[in-house]
Amino acid sequence: MTFDNFIQFVVMGLSLGAMYSLISIGYTIIYGILKLINLAHGDFFMLAGFLGMWGALYYGVPLWLSLVFGLALTVGVILFVNWFIYRPLRQHKMAAFTSTFAISMIVQASVIMFLSARAQAFPHPDFLNAPIKIGNIIIPMITPFIIVIALILFGILTLIVNKTKIGRAMRAVSLDMEMVTLMGVNVENVIAFSFALSVVYAGMGAYLWGMRYPAFDPNIGVVTGLKGFIGAVIGGIGSIPGAMLGGFLLGFAEIMLIGFFPEYTNFRDIFSYAIMIIFLLFRPGGIFNVKIREEKV
């Protein structure tokens, strides 16, 4: 591999990792608040992508407006699901966990029935097709665009969590929900905001994914969602900085595997799952060594 090729693979790895990180954040926010692994998270990623592009593709709505509208609809769906399904089951951990699988299947089947069972060409601005040439290095504009947008979103999330009242409430609820309730905090509003925030970041990840890999189909949330979960595990599920770092490292590792060992390209998914197993065996708290509180029966 030449140095120019190496730089191209590095940038591609960071771009893929940025998208994984946006998905990982959703898993870690909900797990941090509720100790719930939301198996439907990848399907909300897919739903946001479909709803976001639908208005632009079939109704002539400006792309930016269609994306905003799709994100708002997806947030509405997750708030409905949280209130009527997740909330009543919250005290029954296994039932709540199982319900996320059912929601995953319902969301996926609904998109297939009411929108499309086939892959759709995700629209994107024309300027993202322009190449960036630095010497012998040629990088599509979309690649650094994804990294920059993701970094901006990570900065916004950091400010929300650390500098706002709702962010402080989220951190407090993640530590001791009962105590926070006794202190007069509306925990239901905090949980609802956390679900909305997780879906917003998944939706932004979906939009960037669709612009980078235009064939967007109803099954895309399965594997992509799993990769986001692996990123959360690598960083330490429950840690937002861990989710960011874990997603970046996973995407970078996958692209480096392809770059250095192209004959093993078809093994990239196996490679990712193997990394997760290694972390679960030898460092279950992830890079940030997040301590998992286990309830005693």
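Remarks
- Estimated inter-spin distance, Thr2 and Arg268, nm [label 7 Å along Cα→Cβ]: 2.2 nm
- For region 86-144 versus region 1-36, the inter-centroid distance based on Cα atoms is 14 Å.
- Relative contact order (percent, whole number), the chain, Cα cutoff 8 Å, 6+ residue spacing: 35 percent
- Distant-in-sequence amide contacts of Ile287, defined by a placed amide H-H separation under 5 Å and a gap of 5 or more residues or a different chain, comprise Gly235, Gly236.
- Electrostatic dipole magnitude of the chain [Cβ: Lys, Arg +1; Asp, Glu -1; Cα centre; debye, to 20]: 620 debye
- Along its first, second and third principal axes, ordered by size, region 46-108 spans 45, 18, 12 Å in Cα coordinates.
- The peptide list 201-207, 217-223, put in order of mean Cβ contacts within 10 Å with the highest first, becomes 201-207, 217-223.
- Dipole of the chain, positive end: most advanced residue of Ile132, Asn5, Leu249 [Cβ charges, Cα centre]: Leu249
- Convex hull of the chain built on C-alpha atoms - directionally averaged projected area, nm²: 16.6 nm²
- Where N is the number of residues in region 116-161, Cα Rg divided by 2.2 N^0.38 Å: 1.60
- Residue-averaged [θ]222 nm for the chain, counting only DSSP H segments that reach four residues, each worth -39500 (n - 2.57): -24000 deg cm²/dmol
- Site pair Ala72 and Arg168 shows an inter-label distance of 3.1 nm when each label is modelled 7 Å from Cα along Cα→Cβ.
- Entry note, region 41-115: relative contact order of 34 percent, from Cα contacts under 8 Å with a spacing of 6+ residues.
- Rounded to the nearest whole Hz, the Karplus-based 3J(HN,Hα) values (6.51 cos²θ - 1.76 cosθ + 1.60, θ = phi - 60°) of region 57-70 follow the sequence 6, 10, 10, x, 6, x, 4, 4, 5, 4, 5, 4, 4, x, with x at glycine and proline.
- When each of Trp209, Trp83, Trp64 is scored by the number of other beta-carbon atoms lying within 10 Å, the sequence from fewest to most is Trp64, Trp83, Trp209.
- Spatially near lysine pairs across the chain, Cα under 21 Å, sequence gap of 8 or more or different chains: 6
- Each of Glu188, Glu254 has some number of other Cβ atoms within 10 Å of its Cβ, and from fewest to most they run Glu188, Glu254.
- Of Ala18, Phe45, Leu151, farthest towards positive along the dipole that unit charges on Lys, Arg, Asp, Glu beta carbons give region 1-159: Phe45
- Rounded to whole Hz, the Karplus (6.51, -1.76, 1.60) HN-Hα couplings of region 254-262, x for glycine and proline: 4, 5, 5, 4, 5, x, 8, 10, x
- Taking the average, over residues, of other Cβ atoms within 10 Å as the packing measure, peptides 10-17, 126-133, 88-95, 65-72 rank 10-17, 65-72, 88-95, 126-133 from highest down.
- Fewest-first sequence of Ile25, Ile146, Ile138 by Cβ atoms within 10 Å of each Cβ: Ile138, Ile146, Ile25
Computed from the coordinates by the stated procedures, all read-outs in this text should not be read as laboratory data. Quick caveat, the model's predicted, so the values are computed rather than measured. Cβ: placed from backbone, ideal geometry, glycine included. Neighbour counts: every protein chain shown.
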